[in-house]
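Each value in this text was obtained by applying a stated rule to the coordinates, not by laboratory testing. Not measured: the values here are computed from a predicted model. Note: ideal-geometry Cβ built from the backbone for every residue, glycine included; neighbour counts use all protein chains shown.
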Amino acid sequence: MAAPPQPQSTVAISLLLLLLHATSASPHPDLAPLLSFKTSSDVSEKLSSWNNTSSDPCTPAASFLGVSCLHNRVTKLVLENLNLQGRVDSLTSLAKLRVLSLKHNRLNGPVPDFSNLTSLKLLFLSYNEFSGEFPPALPSLFRLDLSYNNISGEVPATVNRLTRLLTLRLDGNQISGSIGFLNLPNLQDFNISMNNISGEIPASLSRFPESVFSSNSALCGLPIRECTIPSIPSPVVSSSPTSLPATAAVHGKIPGKKHSGGRISTLAIVGIIIGDVLVLGIVSLLLYCYFAGGSVDGKNVVSKSEKMVYPSSTGSSFEKGRMVFFDETRRFELEDLLKASAEMLGKGGLGTAYKAVLDDGNVVAVKRLKEAIVGGKREFEQQMEVIGRLRNPNVVSLKAYYFAKDEKLLVYEYMSNGSLFWLLHGNRGPGRTPLDWSSRLKIAVGAARGLTFIHTFGTSSKLTHGNIKSTNILLDKSGNACISDVGHSAITPPTAAPRSTGYRAPELSTTNNRKSTQKSDVYSFGVLLMEILTGKCPTMVDNSGVLDLPRWVRSVVREEWTAELFDLELMRYRDIEEEMVVLLHIALSCTLDTPDQRPTMNYVVKMIHDIKGVKMSPSHDAHNSASDSS
């Protein structure tokens with residue numbers, strides 16, 4: 001017969017059940033800070049939806065006004081125009097907060113120290129009554145708006161640690177001191193008007209309009225008034241105290257002289273500037289003539305309206321070649337190219353590219369190949385015949401080629417909108433137009449289609465590109481991505497130096513076989529996708545030395561900092577983070593170390609197509625909106 005249960009066991013079980021019940025009923029970690037803020041600030045009872053009896057503000061039933069959650073933690077708090085008063089210190093306990101907007105209230109006290117909120121990206125506290133000094137820096141911030149408060153003191157040098165900052169609004173405060181040290185390279189929206197700022201505006205901020213610096217009487221420099229440098233009295237040697245007039249002695253001026261003290265006259269400064277410009281112009285002209293491949297041997301005579309970029313091919317030792325055309329391309333001769341108005345587009349490992357405008361107005365792109373990289377004539381012509389048959393909207397078409405002993409030319413259709421490299425990395429200074437997300441997706445899928453067409457062209461052999469990189473992704477007049485330099489790797493001797501290090505698959509770097517494969521093309525395309533997402537070049541330099549982009553991306557993903565990967569210029573667009581993460585996963589699969597584990601380009605195109613690429617426009621009032629993607 002079983003023994004009756006011991007009283008101690010019954011008590012233990014009861015205590016365990018009570019403990020489990022207490023644990024399950026424990027309040028949400030963000031509830032107490034929210035209720036504390038409501039108690040101290042909600043004088044007008046605008047937060048009546050914040051129910052004290054609710055244990056979880058993140059449940060749909062709770063319906064806390066202005067509260068948004070992610071993974072059952074409060075990540076966004078938007079409470080604007082609610083007549084809130086008092087201090088906000090309790091909100092510093094919302095550990096997972098990413099967006100905080102308390103604009104147009106009557107909140108006061110010093111701006112609290114939010115430095116423990118490591119996820120905070122957007123902070124909008126404008127039009128309140130905050131006082132005290134500038135708050136401690138938050139390195140993770142993208143947007144900071146403290147305008148129209150009573151903040152005083154100086155802007156601390158630690159602000160330069162906010163390297164990701166896109167918005168800095170400090171207008172309408174009582175801030176003093178200098179801002180000459182400010183250097184925030186990614187800043188897009190800035191305003192420090194209506195303060196007590198003094199000193200000179202730094203060059204890094206001179207690109208902003210004059211209005212963002214107005215009502216600071218002691219501030220000078222571009223784009224407002226010029227800073228005047230007071231004259232420094234020079235010592236005056238005289239035999240008698242009365243030998244100079246008193247006014248002249250004070251200012252260090254000698255009567256009858258136009259120059260004073262240690263200052264240079266305006267005429268002298270203008271002369272120096274004009275001289276510098278002339279010298280710079282002459283040097284630039286000489287460098288251009290040198291690098292453009294011009295000749296001064298008497299054979300290449302350049303008219304004023306033309307820029308000769310090809311060497312003369314009329315010498316006695318020249319072996320006459322012929323122009324070979326494809327399809328119904330308009331015929332022209334080598335002489336037509338030689339006398340065309342031309343402009344150098346760039347130099348690469350294979351040769352120099354030019355834009356040539358023929359006499360009839362037809363525009364073509366001409367690549368003059370280096371002698372050292374071209375194999376035999378028969379091999380060259382066979383490869384050109386294959387490339388000439390490639391016709392696809394996402395592949396730059398080869399119109400013609402020319403082969404002779406002293407000259408090898410490839411003639412392509414001209415792409416008028418430049419390269420992906422320039423759109424991503426060019427003109428990073430004032431006046432730059434960022435490449436928006438929808439355009440990046442369009443370029444990615446266009447390049448993927450082009451590479452898929454190359455890989456699936458023909459039946460007898462598998463074509464490869466061998467040099468996928470952002471400079472070889474060109475855009476036509478409609479903004480469609482087109483792959484250029486197709487087949488160049490096939491005419492490059494094996495002894496040629498390896499190209500495009502940052503895009504090269506690991507199996508090509510660790511073996512003596514440098515022949516590209518379709519799987520190595522896929523790897524290069526994955527690096528290209530990472531370049532589109534991050535805005536970074538495929539090779540970077542950090543404290544540990546040279547770092548390739550795929551290795552850096554994987555290290556950041558391992559640390560679960562995925563949001564820190566993406567190009568800051570993409571922060572202007574809303575609701576795209578999920579799409580960027582999907583494209584990132586595609587890039588990671590393309591750059592796997594084992595070639596057989598990488599997807600085919602057919603499948604890559606399908607995966608990119610599955611991304612919902614809706615058209616997006618920049619938020620023109622991004623700095624005033626708390627709903628920006630973070």
Calculated FRET value between residue 226 and residue 72, using beta carbons and R₀ = 56 Å, to 0.05: 0.45
Chain lengthening between residue 118 and residue 210 when straightened (0.36 nm per residue, less Cα-Cα): 29.7 nm
Chain lengthening between residue 152 and residue 417 when straightened (0.36 nm per residue, less Cα-Cα): 90.6 nm
Residue 174/residue 382 FRET efficiency (R0 60 Å; Cβ-Cβ; nearest 0.05): 0.20
Förster radius 45 Å - calculated FRET efficiency between residue 325 and residue 594 (Cβ-Cβ, nearest 0.05): 0.55
Global geometry of segment 28-220, whether rounded, prolate or oblate, following the gyration tensor of its Cα atoms and the 1.5 cut on a/c: prolate
Too-long pairs where the Cα-Cα distance tops 21 Å, listed order kept, from 462/515; 347/515; 370/536; 46/121; 347/477: 347/515; 370/536; 46/121; 347/477
Rough spin-label spacing in nm, given labels placed 7 Å along Cα→Cβ, for residue 40 and residue 196: 2.8 nm
Under-5 Å amide H pairs with residue 151, H placed in peptide plane, nonlocal only: 174
Length released on extending from residue 577 to residue 478, taking residue separation times 0.36 nm less the Cα-Cα span: 33.0 nm
In nm, spacing of pseudo-spin labels at residue 339 and residue 438 (7 Å Cα→C-beta vector): 4.8 nm
Gyration tensor (alpha-carbon) shape descriptor, segment 107-219, a/c threshold 1.5: oblate
Karplus 3J(HN,Hα) series, Hz, for segment 147-152 with 6.51 cos²θ - 1.76 cosθ + 1.60 (x for Gly, Pro): 5, 6, 9, 10, 6, 10
Separation in nanometres of the label points that stand 7 Å from Cα toward Cβ, at residue 203 and residue 357: 3.4 nm
